[in-house]
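Encoded as structure tokens, the structure appears first; notes follow it.
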Amino acid sequence: MMLNTLPPLVGIGLKSDHFQAVLDHPTLLDQDKTNNIAPAGWLEVHPQNYFGDGGPPHKWLAAISDLYPISFHSVGLSLGSADGLNQYDLDMIAILCERYEAASVSDHLSFSGNAHDRFADLLPISYTYESLDHFCKQIDIVQTRLKRPMLIENPSRYLEYRNNEMSEIEFIERIVSKTGCGIIFDVNNVEVSCKNLGEDCKAYVDAINPDWVGEMHLAGHAIEDHDSGELRIDNHGSPITDYTWQLFKCFITKSGPKPVLIEWDSDIPSYDILMAEVQKARNVIDTACNPASISAASQTRVHHNAA
């Protein structure tokens, strides 16, 4: 099943700070070779920022969407809410998908509200068979309404529910199998969750089937020092950590090129700094996915398994 139509290139989250810079730089299809800043391959927006009918946000997005593939990364469907998803957000996303011919639509393995309130956060759900059935029903509603498969992003977690009946990986695998959706594999979230919960980051990355992955995310996070130890906060407000880069390289060597997003949602940097992260991701992909690297990685795995 075609999970999306994004190119297997490195994109950026589109912020108003960079609207003009994006238009001032050529797309990959029309690149000025003398320009020192290589363009992004595609752009991602939070559709909730475009729920109004018009105004400057739509003027900018209309101009930019003529040049770049656009991905809608929702933060408000609240698929894990016990009362069911946010129908208003789904209806508005459906309108935007038609208006801008979105290449991809996604949301999170989380909830962000109930029947009475909406929360400004992506809260974790319990990994039980009951919540699995409920979450899959919500995905089915979205995919039926949008007439396309969607992507679900693995979460950042700060706690573990006592009533969990399966691991996060098993929960994700069952979601993909039952609904036909794909996933956004956020590598930063792996570092945040696993280190907060004392789990093995590398084992998590190794367990992700590349066939599930329609898109990847890379971002930075903050670290708080507490009496109980370090706590990682997924704030998307800093450069990607060296360890996240290592995990990304491990996965991309196995999977081959994927659509990859550089997320930077707070303390927004200059366009040049953001694009330096894009170039770094390109370099990792080029190194990891050349035939010599893939052959060496394969031989290493065979030797390790034999041992």
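Values in this text are rule-based calculations from the coordinates and carry no lab data. The shown structure was predicted, so the numbers you read here are calculated from the model rather than taken from an experiment. Virtual Cβ from ideal backbone geometry, glycine too; neighbours counted across all protein chains shown.
Enumerate the lysines that Lys254 could reach by cross-link, defined here as Cα to Cα under 16 Å, with residues fewer than 8 away along the same chain left out. Counting by Cα, and skipping residues close in sequence, Lys254 has these lysines nearby: Lys202.
Summarising the strand pairing of the range 73-214, around 20 percent of its internal DSSP beta bridges are antiparallel.
By other beta-carbon atoms within 10 Å, ranking Arg162, Arg232, Arg282 with the fewest at the front produces Arg162, Arg282, Arg232.
One chain, two ends: Lys59 and Asp206. Fully extended at 0.36 nm per residue, the span grows by 48.7 nm beyond their Cα-Cα distance.
Stretched out straight at 0.36 nm per residue, the stretch from Glu160 to Thr144 would grow longer than its current Cα-Cα span by 2.6 nm. Rg and Dmax, both from the Cα atoms of the range 114-223 and both in Å, are 14.2, 40.
Ranked by how many other Cβ atoms sit within 10 Å of their own Cβ, fewest first, the residues Ser65, Ser71 fall in the order Ser65, Ser71. The GNM of the chain, with springs linking C-alpha atoms under 10 angstrom apart, assigns the highest mean-square fluctuation among His108, His46, His58 to His58.
Computed over neighbours whose Cβ is under 12 Å from that of Asp211, the net charge equals +1, Lys and Arg +1, Asp and Glu -1.
In this calculation the C-beta distance from Glu230 to Glu130 is compared with R0 = 41 Å, giving a FRET efficiency of 0.80. If the segment from Asp17 to Thr287 were pulled out straight at 0.36 nm per residue, it would be longer than the present Cα-Cα gap by 94.1 nm.
Charged side chains reduced to their Cβ positions (Lys and Arg at +1, Asp and Glu at -1) give the range 192-266 a dipole of some 400 debye around its Cα centre.
Listed here are the pairs Lys15/Lys280; Lys147/Lys280; Lys137/Lys249; Lys258/Lys280; Lys195/Lys249; which of them are more than 24 Å apart at the Cα? As for pairs spanning more than 24 Å Cα to Cα, those are Lys147/Lys280; Lys137/Lys249. Considering only DSSP beta bridges where both residues belong to the chain, give the percentage that are antiparallel (nearest 5). If we restrict to bridges inside the chain, about 25 percent are antiparallel.
Between the alpha-carbon centres of the range 63-96 and the range 246-263 there is a gap of 25 Å. This ranking places Glu173, Glu44, Glu277, Glu130 by how few other beta-carbon atoms lie within 10 Å of each, fewest first, which gives Glu130, Glu173, Glu277, Glu44. Placing unit charges on each Cβ (+1 for Lys and Arg, -1 for Asp and Glu) gives the chain a dipole about its Cα centre, and among Ala82, Thr244, Gly229 the Cα reaching farthest toward its positive end belongs to Thr244.
Modelled label positions at Ile95 and Asp272, each set 7 Å beyond Cα in the direction of Cβ, lie 4.1 nm from each other. Summing Cβ point charges (Lys, Arg +1; Asp, Glu -1) relative to the Cα centre of the range 10-306 gives a dipole of roughly 840 debye.
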